[in-house]
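Here is the structure we will look at.
Every read-out reported here was derived from the displayed coordinates using simple, explicitly stated rules and does not represent laboratory data. All values reported here derive from a predicted model rather than from experimental measurement. Cβ atoms come from the backbone with ideal geometry, glycine included; neighbour counts cover every protein chain shown.
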Amino acid sequence: MTRNTFISLSALWVAALAPFPPLRAAPTEFDRALNEFDEGQQLRTTQPDRARQLFRSAAHRFEGLVAGGLDNGYLEYNLGNCHLQAGDVGRAILHYRRAQRLIPRDAQLADNLAVARSRSLVNVPRSRGATVLRGAFFWHYETSLAARAMTAVVAYVLFWLLLAARAMIPRRPLLWAASVAGVVAAACGGSFAAERWLDRNTPEAVVVSSDVAVYKGPASTYQRQFEQPLQPGVEVTVRERRGGWSNIELADGKRGWVESEAVERIPPPETPDASAVLPM
């Protein structure tokens, strides 16, 4: 993976800080993270251990900015880049998946996510039903939550405006246009509501720990569900939580219980304005 496959970190902070004036320390943290990332890139072949330390440190600084309220798709993307370069495949996929919710059509992001997935030691193929579902509702998976919400609002307003115009001017094309607007509003609004419901009740997550044993019940005293433990980067859906345990479902539909700290959920985007940061 070459340097030009990554979003420019130097361009990142210049655009990102404008909407967040209270974060006065952010430029310094961005500068430090940028310097550490670039130094790590230079030492990857000659001093790999030192390079990984620098990538982890850069990721830690970016995570601090996210915790402080500065977050968008490209910042999550760069967090994924730092973790991938540091060799943490699980957290790389986690942050790439978070970025995808905000910038779902970014080609470089898709490429880096594919690279991270290829480095996961355990790959679980998606079930046939899930593949068909994603194909049928591609527009749901290829647009951000914010875009669908905005489209639903605009289509809803347009629907009523067209109906009002149809009441004053009885033309059939106005009725057809209102019908189309109504269908778009219902589809996008339903998609938005469904995703928010799933995020609250059955969120997607990523395994971030190594050698995660999967049990048939919420305790290590139960029999193991799978002989082979899960490894960082496996993407799952959390179906239930009980104490410190989570019932997860793999992409192929198989389920079991793991310790909750072994997986980290992919939360809904809190900062949907991905336009605040521009790629290189």
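How big is the dipole moment of region 37-164 about its Cα centre under a simple scheme where the beta carbon of each Lys and Arg is +1, that of each Asp and Glu is -1, and everything else is neutral? Debye, nearest 20, please.
It works out to roughly 440 debye.
From Cα coordinates alone, what are the radius of gyration and Dmax values for region 128-201 in angstrom?
15.1, 50
With +1 on the Cβ of every Lys and Arg and -1 on the Cβ of every Asp and Glu, and nothing else charged, how large is the dipole of region 175-239 about its Cα centre, in debye rounded to the nearest 20?
220 debye
Hey, any idea what Rg/Rh is for region 168-255, computing Rh the Kirkwood way over Cα pairs? Walk me through the intermediate numbers first.
Values: Rg = 21.7 Å, Rh = 16.3 Å.
Using Cα coordinates only, the ratio equals 1.33.
Compute the distance from the alpha-carbon center of region 74-104 to that of region 143-211, in whole Å.
28 Å
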